[in-house]
1. Restricting to the stretch 139-168, and then to whatever is over 20 Å from the mean Cα position of the chain (by Cα) and among the polar types (S, T, N, Q), can you tell me which residue is least open to solvent (accessible area, probe 1.4 Å)?
2. Would you mind telling me which numbered condition in (1) farther than 29 Å from residue 297 by Cα; (2) open to solvent by less than 50 Å² (accessible area, probe 1.4 Å); (3) of a type outside the set (A, V, I, L, M) residue 136 fails?
3. Would you confirm whether or not the stretch 229-241 contains a residue that is without any contact (Cβ under 8 Å) to a residue 40 or more places away in the chain and either β-branched (Val, Ile, Thr) or part of a strand (DSSP E or B) (or both)?
4. Do we have residue 262 as open to solvent by less than 40 Å² (accessible area, probe 1.4 Å) and more than 23 Å from residue 148 (Cβ to Cβ) here?
5. Does any residue of the stretch 194-206 turn out to be open to solvent by 70 Å² or more (accessible area, probe 1.4 Å) and either modelled with pLDDT of 95 or more or assigned to a loop (DSSP other than H, G, I, E, B) (or both)?
6. Of all helices (runs of 4 or more DSSP H) completely enclosed by the stretch 1-73, which ones contain at least 3 residues that are in contact (Cβ under 8 Å) with a residue 12 or more places away in the chain and either open to solvent by 60 Å² or more (accessible area, probe 1.4 Å) or touching a Gly at 6+ places or on another chain (Cβ under 7 Å) (or both)?
7. Which residue is surrounded by the most Cβ atoms within 10 Å (Cβ to Cβ), if the candidates are limited to the stretch 118-133 and must be acidic (Asp, Glu) and on the phi < 0 side of the Ramachandran plot?
Amino acid sequence: MEKQTMRFAILGLGTVGKGVVKLLQESREMLHLKTGLNLELAKVLVRDASKPRPGFEGLPLTEDVSEILDDPSIRIVVELMGGIEPARTYLVEALRRGKTIVTANKDVMADYDKDLYDAGEIGDAEIYFEASVGGGIPIIRPLKEALAANTMRQVMGIVNGTTNYILTQMSQYGRSYEEALQEAQALGYAEPDPTNDVQGFDAARKLAILCTICFLSRVKPGMVYTEGITRVTPRDIEYGRRFGWVLKLLAIGKEVDGEIEARVHPAFIPHTHPLASVAGSFNAIYTVGDPVGETMFYGRGAGAGPTASAVVSDLIAAALSKRTPGRRAGDAHTVYFEKRVLPIEETRSRYYLRLHAVDAPGSLARIAERFGEHGVSLAEVVQASGGPDHPDDGGAAELVLVTHTVQDANLQAVVCDLKEMRDTVLRVDNVIRVEG
């Protein structure tokens, strides 16, 4: 097969950038057999070209982005810098100049997708961003292409490997949150500052991208209700196990009556749910569409290898599209409507509540009365004495209450009332949603 050369540049040579270069070097002949293309790396933008890079000598390094943007022979720009600036500026300028972009940048895609789409319209250029969600899991292109005939009703996923690893350690080995986090940091799964992961911000950005594609309406990270895993204890996980549930940090998007639910929070799901068996640092994304029904995508959600796989896949698709005049495989624009994103108070779910109350006649009745006053019905109540979380509770009763499906505002009104019942309720330990 005759080779056609396609010149491209990479912005950033960190962990993922090196993974992409290595994969391209190792797979050059296979990629030619599959595509008929010779992918030529023309430039690599780095901060310091003099820095030693063992194993990556001889790369065409530059510290000047204009050498990439001003070169008309470079037709594809692969952005692997991370963060918002200067990545957003470079991507917008590349698109304006007619260069197709491939990016793994969830921050830019979640917050500044419109800037990119508008620049792409000006330059008649394409956008590929498979690696921005789910690492090596194919999800963006399947949603936009393979499932294009469907009306998507729901997308729900485990999209952060750090929190899934922590919750797996807590569930399987009884680790405390602090112990599991320290282990995740020691293994490199968690950053020294794990805030973006454990507080749910990383998952919220990825959910915003998924919701925008699934529901054809722009969802920004600030519209996503976000709650982290820092309050979860082994005690909660053990109670969930008694009910037949597994605890996960879920990113949940739904379209209900033309409005969108977008929320990230810990949630119990039945042990029979497809997502329940996703353990360790793995990710999975579960969707419901009409008429396809349920589908699930599973795999490594981060790391140099999985992310490089998604980036190179996009690079190949972009190169093939460039080779075929008029073909716009990477037209990423999916926003056709302006649907309202529901505030969390208007969403509906079942709830698990764990609290400590005075162990005296009538306490449970007074607590149940507050639920009834706000229209919240109870499905199950479990009572135990004391609890290992607070061994000095002296005569306190630990209660676990599970509600039927209820509007969030009603449940929060109950929680506020319970916290004011100081003569009966010592504390509300945790409130966790129940899905599925």
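The values are calculated or read from the model by the stated rules, or taken from the named source; none is laboratory data. What you are looking at is a predicted structure, and each value in this text was computed from that prediction instead of being measured. Ideal geometry is used to build each Cβ from the backbone, glycine not excepted, and the neighbour counts take in all protein chains shown. Ligands, DNA and RNA are stripped out before the accessible areas are found, and what is left, the full protein with its side chains, is counted by its heavy atoms. Shrake-Rupley method; radii C 1.70, N 1.55, O 1.52, S 1.80 Å.
1. Step by step, filter the stretch 139-168, then rank; the result is 150.
2. Evaluating residue 136 over (1) farther than 29 Å from residue 297 by Cα; (2) open to solvent by less than 50 Å² (accessible area, probe 1.4 Å); (3) of a type outside the set (A, V, I, L, M) leaves (1) as the failure.
3. Within the stretch 229-241, not a single residue is without any contact (Cβ under 8 Å) to a residue 40 or more places away in the chain and either β-branched (Val, Ile, Thr) or part of a strand (DSSP E or B) (or both).
4. Criteria not met by residue 262.
5. So far as the stretch 194-206 goes, yes, one or more of its residues are open to solvent by 70 Å² or more (accessible area, probe 1.4 Å) and either modelled with pLDDT of 95 or more or assigned to a loop (DSSP other than H, G, I, E, B) (or both).
6. Of the helices (runs of 4 or more DSSP H) lying wholly inside the stretch 1-73, those with at least 3 residues that are in contact (Cβ under 8 Å) with a residue 12 or more places away in the chain and either open to solvent by 60 Å² or more (accessible area, probe 1.4 Å) or touching a Gly at 6+ places or on another chain (Cβ under 7 Å) (or both) span 15-26.
7. The residue in question is 130.
For (1) among the aromatic types (Phe, Trp, Tyr); (2) more than 19 Å from residue 299 (Cβ to Cβ), each residue gets a yes or a no:
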residue: 153; (1), (2): no, yes
residue: 156; (1), (2): no, no
residue: 162; (1), (2): no, no
residue: 172; (1), (2): no, yes
residue: 189; (1), (2): yes, no
residue: 203; (1), (2): no, no
residue: 207; (1), (2): no, no
residue: 211; (1), (2): no, yes
